[in-house]
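A quick write-up on the structure given underneath.
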Amino acid sequence: MATPGRPVVSRRELLRRLGIGVAATPVWVASLTALAEQQAHVHPAAVPSVPAANWVPKALDAHQNETVIALSELIIPQTDTPGAKAVLVNRFVDAVLDDADEADARAFRRGLAWIDARSSELFGVAFVRATPEQQTALLTIVSSPANRTLADRDGVEFFGAIKALTIIGYYTSEVGMREELHDDGQIFFASLEGCTHPEHGGNAPAVLPATKKRKS
Amino acid sequence: MANEVFDVVIVGSGASGGWAAKQLTESGLKVAVLEAGRRLDPSTDFTEHKLAHDMPLRGSEHPPKAWRDEQPIQKLCYQCDEYAHELFVKDTEHPYTTAAGKPFQWIRGRHVGGKSIMWARQSYRLSDLDLKAASRDGWGVDWPITYAELAPYYDRVENFVGISGQAENLPQLPDSRFLPPMELTCGERMLQRTIKERFPGRLLTIGRTAVLTKALNGRPACHYCGPCGRGCSAGSYYSSPASTLPAADATGKLSLITNAVVSHVVLDDAGRCRSVAYVDRMTRAPREAFGKVVVLCASTLETTRILLNSSSSRAPNGLSNSSGVVGKYLMDHIMGSGAKGTLPVLKGIPDPRAHRPNGVYVPRFRNVTDPHPAFLRGYGYQGSAEVSKWAHAFAMPGFGASFKNAVRQRPWTIHLSGFGESLARVENRCEIDKDGRDAWGIPVLRFDMAFGDNEKKMIKDMADNAEEMLKAAGVQDIEREEDMAPPGLAIHEVGTARMGDDPKNSAVNRWQQSHDVRNLFLMDGSVYPSSACQNPTLTIMALASRACDYLVEQLRTGAV
Ligand SMILES: Cc1cc2nc3c(=O)[nH]c(=O)nc-3n(C[C@H](O)[C@H](O)[C@H](O)COP(=O)(O)OP(=O)(O)OC[C@H]3O[C@@H](n4cnc5c(N)ncnc54)[C@H](O)[C@@H]3O)c2cc1C
Ligand code: SF4
């Protein structure tokens, strides 16, 4: 993760510190210089990639997809940063299910069905058509393992699965990474910082004597 | 090239084969390297610069389904994930068998560079405490060489490969020729200070790693992108294709023959190695490479398999096996035990570690001075302290805005995990399974291995002491981990063709030359007489360097 306040290094300085062009060229790939250049230019204002407009789910049907969208947004909603729906966590969930072993995918679909069944029982409608208050009430039941009554056991299990997938899908998304985690995706660092707090036993930051001039 | 006779034919182009190729070609010898796999292309095969959202499954810890089904064993390795799984073999093509109820998890990579592409780069010297352990505690056999004999070769390897670390002047863990050390994080500093003040005889130091903190020999310094195990396009950590193989190539004396799946070594009428027989990986055509000397660097277990598959009327038990030790005394490090927790006192302090491709190390402190009452030998801890990015969210209750907000409080986490010595035992072994064939028709190995009582006691001690040290450092929410991974998974397998002075109980001499066949050398971890607890690769390369010096001299004087 890029630490806020990390000094910005010019491309030339970066290449110099990496030893490129100083200690001969890298033995393996010439592409390193190009990569460093790309980083220097692209970072930090990278353009987020545009999601495909014509996407259709592969493992979920349309209703299941809507349910996943609703559940994921309830788990990580839009606040001062975008929520799970905006970063398309549902597409990630669909990809995972498409790749999953059949038994796992089946269990997940059973869980989606369970949510609808319980919603109908409690509110008389499928989960996506329940009010936000009703949806929250249902998730409150299944999100507390303490409430593990026999009737809700499958729901508790399913909630664990959809919550874990939402967490992964959200925080690994481009928006989640940049806006929520404040990670600009930088992969080139000219140096590595360490602990600078004497109270932890670290070294105080080195202060260069002001008089020391660069020799040229 | 049809019947060209090379001075030396090396089998394997990984960490050890790369080193042997460099040193032997630089000595003026004409060398062929036979490598079962293909050349990797960093621009398409390496994924270290990919971010999670570049991957369809966001960097899942397992391979995608099509590969997952072909990699039931490989996928158990932490590095065989969505990004890097193609660097690991398909188990379906490279099968092996195990004794009932005794799992062995054999992790492999078959391409130019071998496991030096995916390795975790931790690099520690052995000392006489390790090499002469048998003399101290009576278990097993000593190494036939001393630390003083090996030290100049460590120097040589380190000066070329580049090992970053901090000198500590410990007798049990000699210092390398270090490049500048990487920095410790706040949590690691706290633990370091606690250990120093409260645990006499112990210390915490930055990991010693084959990653360049300064440009070296034309290779650029690390740029701290982080996930090295997926390959390094910059060549900033030691892998043979980034350093030793190009050096060998530059001599003009190297023929690197890829897709050459070696089945066995062929002897001439006088009982000397004549050639190495291999199968073309793509066409399956049988081929032969002729050499005055054969050097096996196929990695411990593949080298052992080649020896055992090279049995003949002259060597019915397998090549270089008149002693009967080949395949026996299989060792791997024990792991799976330690402790972890959080450091609430560091709340809010940012993690300066960023993408440091390295952890910390607590060197062995058991049986260094005083004998431990419960077990022989010792272990070291690898670990780290860092700020959790978001994985802590899994354990947090609830959902919704309050949940999302709570995840923003990112805890400092810290862990210590032990890596311990396993004892050489004759019954821990591999042999040829006559009923099994790999995709190229070559007979496969069958493993019969289990850790014993000494290892079990050590595992408990690892968890106890990790817990105690973390507790002393103020770590909260401590979770003990007291598991023992099945053998193989530490990927530090060694010992199945051990070296020694006595031809009756060792396969090769102190120069790693076969006792039985003078123009055959083994230069990988197969020659280890005992496993020590340090990660093996640096020592494997130093040993290879020493053996290469001897081999060159033998060829010069016409002795082989
Ligand atoms: C994920 C991971 C983490 C690791 N971490 C560390 C660490 O931190 N520190 C450490 O010291 N070690 C570590 N290791 C172990 C390290 O990678 C090995 O010790 C080292 O690579 C051994 O070198 P080698 O030359 O013997 O084998 P390899 O590097 O595996 O090379 C063997 C080569 O031989 C080839 N070969 C095999 N069979 C044949 C055949 N029949 N014909 C032709 N060619 C053949 C293979 O394709 C391969 O290229 C790790 C390994 C892995 C996978
Ligand atoms: S060695 Fe450095 S540059 Fe190379 S992959 Fe590792 S962190 Fe990245």
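The values are calculated or read from the model by the stated rules, or taken from the named source; none is laboratory data. What you are looking at is a predicted structure, and each value in this text was computed from that prediction instead of being measured. Positions of Cβ are backbone-derived with ideal geometry, glycine not excepted, and every protein chain shown enters the neighbour counts. In case anyone asks, the SASA skips ligands and DNA or RNA and just uses the protein heavy atoms, side chains included. Shrake-Rupley method; radii C 1.70, N 1.55, O 1.52, S 1.80 Å.
When each of B:Gly114, B:Gly109, B:Gly101 is tested for being open to solvent by 30 Å² or more (accessible area, probe 1.4 Å) and away from chain A (no Cβ under 14 Å), the lone residue that passes is B:Gly101.
For B:Phe394, the test of being within 14 Å of chain A (Cβ to nearest Cβ) and either open to solvent by 40 Å² or more (accessible area, probe 1.4 Å) or in contact with a Lys or Arg (Cβ under 6 Å, 6 or more places away or on another chain) (or both) is passed.
When each of B:His392, B:His492 is tested for being under 30 Å from A:Pro77 (Cβ atoms) and not in a strand (DSSP E or B), the lone residue that passes is B:His392.
Quick check on B:Ile414: is it open to solvent by 10 Å² or more (accessible area, probe 1.4 Å), aliphatic (A, V, I, L, M) and either outside any helix (DSSP H, G or I) or modelled with pLDDT under 95 (or both)? Walk me through how you get there before you give the answer.
Details: open to solvent by 10 Å² or more (accessible area, probe 1.4 Å): no; aliphatic (A, V, I, L, M): yes; either outside any helix (DSSP H, G or I) or modelled with pLDDT under 95 (or both): yes.
No, not satisfied.
Filtered by the rule that a residue be in a loop (DSSP other than H, G, I, E, B) and either in contact with a Pro (Cβ under 8 Å, 6 or more places away or on another chain) or farther than 16 Å from B:Phe290 by Cβ (or both), the range B:18-33 gives B:Ser27, B:Gly28.
Number of residues in the range A:98-123 that are open to solvent by less than 10 Å² (accessible area, probe 1.4 Å) and within 13 Å of chain B (Cβ to nearest Cβ) equals 1. A Cβ distance below 7 Å, combined with a sequence gap of six or more or placement on separate chains, defines the contacts here; from the range A:182-196, residues that are closer than 16 Å to B:Ser164 by Cα reach residues that are aliphatic (A, V, I, L, M) and at pLDDT 85 or above in the pairs A:Leu192/B:Met182; A:Gly194/B:Leu184.
Take the residues of the range B:264-283 that are in a loop (DSSP other than H, G, I, E, B) and touching a residue at least 12 places away in the same chain (Cβ under 8 Å): which is most open to solvent (accessible area, probe 1.4 Å)? If we take residues in the range B:264-283 being in a loop (DSSP other than H, G, I, E, B) and touching a residue at least 12 places away in the same chain (Cβ under 8 Å), then B:Met282 is most open to solvent (accessible area, probe 1.4 Å). Residues in the range B:15-54 that are of a type in the set (Gly, Ala, Ser) and more than 24 Å from the chain's Cα centre (by Cα): B:Ser27, B:Gly28, B:Ser43, B:Ala52.
Within the range B:417-440, being in a loop (DSSP other than H, G, I, E, B) and open to solvent by less than 40 Å² (accessible area, probe 1.4 Å) holds for B:Glu421, B:Ser422, B:Leu423, B:Ala424, B:Arg425, B:Asn428, B:Asp438, B:Ala439, B:Trp440. Anything in the range B:179-222 that is open to solvent by less than 40 Å² (accessible area, probe 1.4 Å), polar (S, T, N, Q) and more than 7 Å from chain A (Cβ to nearest Cβ)? List them, or say none. B:Thr194, B:Thr205, B:Thr209, B:Thr213 - these are the residues of the range B:179-222 that are open to solvent by less than 40 Å² (accessible area, probe 1.4 Å), polar (S, T, N, Q) and more than 7 Å from chain A (Cβ to nearest Cβ).
To keep it simple, each residue is scored yes or no on (1) within 14 Å of chain A (Cβ to nearest Cβ); (2) closer than 30 Å to B:Cys222 by Cα; (3) of a type in the set (Phe, Trp, Tyr).
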| residue | (1), (2), (3) |
| --- | --- |
| B:Met331 | no, no, no |
| B:Lys347 | yes, yes, no |
| B:His355 | yes, yes, no |
| B:Pro363 | no, yes, no |
| B:Phe375 | no, no, yes |
| B:Ser384 | yes, yes, no |
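For the range B:441-467, a tally of residues being in a strand (DSSP E or B) and β-branched (Val, Ile, Thr) returns 1.
Tell me which residues, restricted to the range A:154-172, are facing another protein chain (nearest Cβ under 8 Å) and in contact with a Lys or Arg (Cβ under 8 Å, 6 or more places away or on another chain). Residues satisfying the conditions are A:Ile168, A:Gly169, A:Tyr171, A:Thr172.
Taken over the range B:214-229, the criterion of being more than 7 Å from ligand 2 (Cβ to nearest atom) and within 21 Å of the chain's Cα centre (by Cα) is satisfied by B:Gly229 alone.
When you look at B:Ala507, is it more than 26 Å from B:Arg108 (Cα to Cα), touching a residue at least 60 places away in the same chain (Cβ under 8 Å) and buried (at least 20 other Cβ atoms within 10 Å of the Cβ), yes or no? The answer is no for B:Ala507.
With the checklist (1) more than 15 Å from ligand 1 (Cβ to nearest atom); (2) farther than 26 Å from B:Ser545 by Cβ; (3) open to solvent by 30 Å² or more (accessible area, probe 1.4 Å); (4) within 25 Å of the chain's Cα centre (by Cα) in hand, flag the one item B:Tyr329 doesn't pass. Unmet condition: (2).
Condition check: out of contact with any Leu (no Cβ under 6 Å at 6 or more places or on another chain), within 16 Å of ligand 2 (Cβ to nearest atom) and not charged (D, E, K, R). Does B:Leu203 satisfy that? Here the answer is no, as B:Leu203 does not meet what is asked.
Looking across the range A:173-206, the residues that are among the charged types (D, E, K, R) and either in contact with a Phe, Trp or Tyr (Cβ under 9 Å, 6 or more places away or on another chain) or more than 8 Å from chain B (Cβ to nearest Cβ) (or both) come down to A:Arg178, A:Glu179, A:Glu180, A:Asp184, A:Glu199.
Cβ-Cβ distances below 6 Å connect the following pairs, each with a first residue in the range B:223-242 that is farther than 18 Å from B:Arg39 by Cβ and within 7 Å of chain A (Cβ to nearest Cβ), a second residue that is within 16 Å of ligand 1 (Cβ to nearest atom) and modelled with pLDDT under 95, and a separation of six or more residues or different chains: B:Cys225/B:Glu48.
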